[in-house]
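> Structure provided below as structure tokens; questions to follow.
The values are calculated or read from the model by the stated rules, or taken from the named source; none is laboratory data. Please read these numbers as outputs of a predicted model, since none were measured by experiment. Positions of Cβ are backbone-derived with ideal geometry, glycine not excepted, and every protein chain shown enters the neighbour counts. Note: accessible area is taken over every heavy atom of the protein model, side chains too, but ligands, DNA and RNA are not part of it. Shrake-Rupley method; radii C 1.70, N 1.55, O 1.52, S 1.80 Å.
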Amino acid sequence: MDLLRDKDVIQIVRNMLDLMDNRLVNHGERVTFLMTKLMEELGYSQDDIFLGAKLALFHDIGAYKTDEIDNLLSFESHDVWEHAIYGYLFLSRMSPLSQHADCILFHHLDYNKLLEIECSNKDLASLIHFCDRMDVLLQSHKNVDDYFKSQLKNGKFQQDHIDSFFRLNQDNRLLKRIFNGEYHQDMDELFSRYIFSQEEKHMYLCMLAYSIDFNSEFTVIHTIMTTSLAQEIAKFCDLSEHEIQKIYYGALLHDVGKASIPIKILEKPGKLTDEEMQIMQGHVLGSEKVLRGYVPDDILQIAIRHHEKLDGSGYPYGLAKDDLSLSECIVAVADILSALLGRRSYKDPLSVDKAMSIICEMAKDGLISQEVVDTFVEHQEEILMNTRQHSQELREIYESMQSDYVHIREEIRKYLL
């Protein structure tokens, strides 16, 4: 059964990208708006426009992994390759856009240098560069017309892209739609026409969820461990396949709100201060902000209730036993187990015996579900074996991304000479 609609998946993507950093709010959408309008003017097919829009929307996803955002918003900065490389790696390994991920890798490369390299679609890479820099100019309140007229002969941008922009922007009509916010209507209409296969929807959501984990080496496999543990426990609780699918999506998306949590808090080696803990706990409301209205309510509740406790001492809403479903309790236990069994900046992984001892004590104290804990303890060998298998693939992807990053960074240096 299809639990998520096409238009809702893209809205989750939009919400998530905006949550990443308030300096980048709506930047991806403005770039997408400019790019689609230019592509229409240049006579691209509808399929190509959809492809270009998806690439433009995701063009800064690698910024989850970096501290480059100030540089991204500085027009003349050349130190922006780290996020482009990680964006390329995310898209090439985890998305349906893998064949054109190199457009993201090269989206800060000047057109005259782009002509000298191999790229799946140089026009799209050049368009993203042009529209990205245009939006940065707009947000810095510089005169776009004056700047791009001065660039007509230096090879930084493609001539027909500049010409198309001036044709579209007669009487400032194109940029007015950005300044007055009308471009949101254009984007809503465009995204409403997207059609995704089940596999595509799944891949995009996984990419978003895992990009949060990849923010820190200490949380690389947390989401997939939580998701796998929850699914495996649910099977032994005799839940239906439909309910297990809901648990899967709830667990997959449970930490998307961490996109707004500073890396210095996520990776702090010691105990968090009260203020830092409040910020960290805010990730649940962040997840709710991303998901509410775009996933079914029961999936939303599974995602955002993983820190609630049966005695009402949890957060963010202080719910108690009678408020919580079995599915919500399963993900809550899975999240705790994943944290206990995983490495963190402040601790090494615990042994299975120690982790079981902790959750058994929590169940005895009335904090988490005794039924769920008993199910895990009874079937822990099979549950953990399957979870480790699922987690290993993602860890291998992360490790290969780390090694590929170093290699690509050295190759990129050639284009900067």
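> Which of the following residues is in contact with a helix residue (DSSP H, G or I) (Cβ under 7 Å, 6 or more places away or on another chain) and polar (S, T, N, Q): S287, S313?
The conditions single out S287.
> Against the definition (of a type outside the set (D, E, K, R), modelled with pLDDT under 90 and open to solvent by 10 Å² or more (accessible area, probe 1.4 Å)), how does L115 come out, yes or no? Before you say what the answer is, go through the steps one by one.
Values: of a type outside the set (D, E, K, R): yes; modelled with pLDDT under 90: no; open to solvent by 10 Å² or more (accessible area, probe 1.4 Å): yes.
For L115, the condition - of a type outside the set (D, E, K, R), modelled with pLDDT under 90 and open to solvent by 10 Å² or more (accessible area, probe 1.4 Å) - is not met.
> For segment 340-369, enumerate the residues that are surrounded by 17 or more Cβ atoms within 10 Å (Cβ to Cβ) and in contact with a helix residue (DSSP H, G or I) (Cβ under 7 Å, 6 or more places away or on another chain).
The answer is L340, L341, G342, R344, L350, A355, M356, I359, A363, I368, S369.
> Right, something else. For residues in segment 304-352 being of a type in the set (A, V, I, L, M) and in a loop (DSSP other than H, G, I, E, B), which is farthest from Y249 (Cα to Cα)?
Result: L350.
> Considering only residues of segment 273-306 that are of a type in the set (A, V, I, L, M, F, W, C) and open to solvent by 30 Å² or more (accessible area, probe 1.4 Å), which is farthest from the chain's Cα centre (by Cα)? If you could, list the steps in order and put the result at the bottom.
Of all residues in segment 273-306, those of a type in the set (A, V, I, L, M, F, W, C) come to 277, 279-280, 284-285, 290-291, 295, 299-300, 302-304.
Applying the additional criterion that residues be open to solvent by 30 Å² or more (accessible area, probe 1.4 Å) yields 277, 279-280, 285.
On the way: M277: 23, I279: 19, M280: 18, L285: 16 Å.
Ranking the candidates gives M277 first.
> Does segment 284-291 contain at least one residue that is under 21 Å from D60 (Cβ atoms) and either outside any helix (DSSP H, G or I) or among the small types (G, A, S) (or both)?
yes
> Inspect all residues belonging to segment 374-381 and state whether any of them is closer than 20 Å to I85 by Cβ, without any contact (Cβ under 8 Å) to a residue 24 or more places away in the chain and open to solvent by less than 90 Å² (accessible area, probe 1.4 Å).
Here is the first cut: in segment 374-381, the residues closer than 20 Å to I85 by Cβ are none.
No - not one qualifying residue is present in segment 374-381.
> Now, a different point. Of the residues Y249, Y204, which is in a helix (DSSP H, G or I), within 15 Å of the chain's Cα centre (by Cα) and modelled with pLDDT of 95 or more? Step through it out loud before you land on a result.
Numbers: Y204 fails: modelled with pLDDT of 95 or more.
Checking each option against the conditions leaves just Y249.
> Additional query: For segment 262-283, what are the residues that are in a loop (DSSP other than H, G, I, E, B) and free of Cβ contacts under 8 Å to residues at least 24 places away in the same chain?
First, the residues of segment 262-283 that are in a loop (DSSP other than H, G, I, E, B): 262, 267-273, 282.
Answer for segment 262-283, where residues must be in a loop (DSSP other than H, G, I, E, B) and free of Cβ contacts under 8 Å to residues at least 24 places away in the same chain: P262, L272, T273.
> Would you check if I244 is at negative phi, at pLDDT 95 or above, aliphatic (A, V, I, L, M) and in a helix (DSSP H, G or I)?
Criteria met by I244.
> Can you find a residue that is within 24 Å of V13 (Cβ to Cβ) and polar (S, T, N, Q) anywhere in segment 264-286?
No, segment 264-286 contains no residue that is within 24 Å of V13 (Cβ to Cβ) and polar (S, T, N, Q).
> Search segment 61-71 for residues being in a loop (DSSP other than H, G, I, E, B) and open to solvent by less than 50 Å² (accessible area, probe 1.4 Å), and hand back the single one that is modelled with the highest pLDDT.
Result: T66.
> Still on this structure, I have one more. Restrict the check to segment 294-303 and report whether at least one residue is assigned to a loop (DSSP other than H, G, I, E, B) and among the β-branched types (V, I, T).
yes
> Right, here's the next one. Output the number of residues of segment 83-112 satisfying the condition of being of a type in the set (S, T, Y) and either buried (at least 23 other Cβ atoms within 10 Å of the Cβ) or under 22 Å from F166 (Cβ atoms) (or both).
Of the residues in segment 83-112, 3 are of a type in the set (S, T, Y) and either buried (at least 23 other Cβ atoms within 10 Å of the Cβ) or under 22 Å from F166 (Cβ atoms) (or both).
> Confirm whether K176 is assigned to a loop (DSSP other than H, G, I, E, B), touching an Asp or Glu at 6+ places or on another chain (Cβ under 9 Å) and of a type in the set (K, R).
No; evaluated as a whole, the condition is false for this residue.
> Is segment 245-263 home to any residue that is in contact with a Pro (Cβ under 9 Å, 6 or more places away or on another chain) and either open to solvent by 10 Å² or more (accessible area, probe 1.4 Å) or aromatic (F, W, Y) (or both)?
yes
> A further question follows. Of the conditions (1) open to solvent by 30 Å² or more (accessible area, probe 1.4 Å); (2) modelled with pLDDT of 90 or more; (3) of a type in the set (G, A, S), S74 clears all except one; give me its number.
Answer for S74: the failing condition is (2).
> Answer yes if at least one residue in segment 178-199 is in contact with a Leu (Cβ under 6 Å, 6 or more places away or on another chain) and open to solvent by less than 30 Å² (accessible area, probe 1.4 Å), and no otherwise. Can you show your working first?
Keep residues of segment 178-199 that are in contact with a Leu (Cβ under 6 Å, 6 or more places away or on another chain), which gives none.
The answer is no, given that none of the residues of segment 178-199 is in contact with a Leu (Cβ under 6 Å, 6 or more places away or on another chain) and open to solvent by less than 30 Å² (accessible area, probe 1.4 Å).
> I'm trying to understand the selection: among the residues of segment 137-172, which are polar (S, T, N, Q), open to solvent by 20 Å² or more (accessible area, probe 1.4 Å) and in a helix (DSSP H, G or I)?
Matches in segment 137-172: Q139, S150, Q159, Q170, N172.
> Looking at segment 88-114, which of its residues are assigned to a loop (DSSP other than H, G, I, E, B), touching a helix residue (DSSP H, G or I) at 6+ places or on another chain (Cβ under 7 Å) and either touching a residue at least 40 places away in the same chain (Cβ under 8 Å) or more than 22 Å from A209 (Cα to Cα) (or both)?
S95, P96, L97, F106, H107, H108, L109, listed by residue number.
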